[in-house]
1. Name the shape class, rounded, prolate or oblate, that the alpha-carbon gyration tensor gives for the stretch A:20-296, where a ≥ b ≥ c are the square roots of its eigenvalues, rounded holds for a/c under 1.5, and otherwise prolate holds if a/b is larger than b/c and oblate otherwise.
2. What is the Cα centroid distance between the stretch A:234-308 and the stretch B:100-179, reported in whole angstrom?
3. What does the average come to when, for each residue of peptide A:151-164, you count the partner chain Cβ atoms lying within 10 Å of its Cβ?
4. Give me the distance in nm between label points sitting 7 Å out from Cα along the Cα-to-Cβ direction at residue B:155 and residue B:312, one decimal.
5. On average over all directions, what projected area in square nanometres does the stretch A:1-121 have, based on the convex hull of its Cα atoms?
6. Would you please classify the overall shape of chain B from the alpha carbon gyration tensor, given that a ≥ b ≥ c denote the square roots of the eigenvalues, rounded means a/c under 1.5, and beyond that prolate means a/b larger than b/c while oblate covers the rest?
7. Can you give me the C-alpha center-to-center distance between the stretch B:184-240 and the stretch B:346-413, rounded to a whole angstrom?
8. Based on the mean of other beta carbon atoms within 10 Å per residue, what is the order of B:303-313, A:147-157, most packed first?
């Protein structure tokens, strides 16, 4: 298998594939963080997660248009504004959805599955009515689409780097919020023991709403970031939803650390196998491994001890 | 229509012929009534004829099928403005296949059995065509199918107005070999029947020339991560990437190709696609696919009077921003070919139309000139265009002669 290649070529392959694996890792983390909060912390199976992501992507599309026409001078940095707006848009929609629908369905996880699936269909059709059935092209500043040539063979895509940085920032913020803030303590209290949390005076309804909105907002940021690597259309969210659930369930639903570990395992396995096998076979093997491990450890890689 | 509704097709046909015989025996005067041009109980009156449009306007395929619906409606409106077909205005009944194959079959049955449409323009994916095929064969309907596809099919109840695989592939490979000196190829596609069959045909043709395929790879539909395969491509250094990636994956593939430092305008490697029309470029972004070559039979930029009139009419009807891809043009041919065949046959009867099909031609086709082959596909030219930054293709090559459709190439029979 390696006989055809020279030593420097081999080194380049490993460097490139390592980077590909890392960038897949950050994409998985970004996809899954929002869902890990909603599914893991709140027990809501949010099938509309992909549509919240695409709302972020459409927000980016609109912001790009706005900057292009109104303030072309700042076009080079519009993307960061867009990510912020994407967070706001998805979080607001998330808050509305929680208030209208989700809050009536706590403790009925299977019903949330159906209800959010219905929501995802409604959102898809809404995008189709507003933005048209065709995919929209989100234009990006030139500096974001290039690559840094390290050697002749090794080129590091800039958008991959940006996704990594965004992921790092978001993951750090989530960590600080969840484990180093008063609000995070309230969320964890509600997750561990809702009646007790209520008894000590935590407004669990408010905590739920903000938690859900945060999860959706992160999905929005992910959607904005994915305009660099993927498509933006009414049904593009569907492309991510399976992988997202896979990462969250494999990691152990209640553990944010588990989500990250699982994203790392799956991304490395997949990108390594993709290199040696064909794309479809790599996917098959990855899924087989995940199924196998989940059979041995149904609770996922990491499990928190939670009172039920 | 006074006859009672009869659902069994055999019975219906017998009654139809019986009615015709009775009419002939009685020697009724030859008034130009609806029955004369319609002996099988289709929805044809003295001044209207009903047809069906069956595409997805919701669901994941709506992205692709919208253009086809627009083209078919435009053609129907233009035909009506010219006086219709056999003096009858066309009325269309539009059904939504909703990107779901069983729904396609159900709606096809509804159009043929309940609405008794004279013909149907519709379907986009091969899966939807395969789903409606038994329905069309059972009720003897006629479907005009617009998409370029893998071939290996020839139904008496379908007219294929797009290219079958050999028309799209053979000429384009000949061209890159002759004009660009290509020697090695990397075949890459989404994982389903069309890319796999296309690549099989491509591989055969490449190897017959004594050239080499250095990689062949498929990714699941909707895959969004192409870094690994891009690394492999960099390593194997093929002269040509032969790509048949479809749908949302397309956008991911071209964006990541560009981000990985492969500039398609340098043609090292050269990229030849059979799946990216002007429609797809809207989503991918012209700057990300600039320089790629596509093999199609139609590009919006084609320079001929037919096409100029078509593009102008299309934009007037559907808006200035719209782009027109290969399939949209092929969908536009459907109603016109049907009109030509009906007028040649002097009847809306499917059986009579089928008899006159071979040789039906369209001199006003936007792509130039097309003719129906005995195998129900079209004789048409193959063309190669190079993607420009503005999202249009510049035509760099077209075959001198019409290419013969060959849905069952050697080795597949």
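Taken together, the values in this text are just the output of simple stated rules run on the coordinates, not laboratory data. Owing to the predicted nature of the structure, the values given are computational and were not obtained by experimental measurement. Cβ: placed from backbone, ideal geometry, glycine included. Neighbour counts: every protein chain shown.
1. In terms of gyration-tensor shape, oblate.
2. Here the answer is 38 Å between Cα centres.
3. Values: counts 0, 1, 5, 3, 7, 3, 9, 2, 5, 4, 1, 1, 0, 0.
If you average over the peptide's residues, the count of other-chain Cβ atoms is 3.
4. Here the modelled spin labels are 3.8 nm apart.
5. On the way: hull surface 48.2 nm².
The orientation-averaged projected area of the Cα hull of the stretch A:1-121 comes to 12.1 nm².
6. prolate
7. If we compute the Cα centre of each part, the gap is 26 Å.
8. A:147-157, B:303-313
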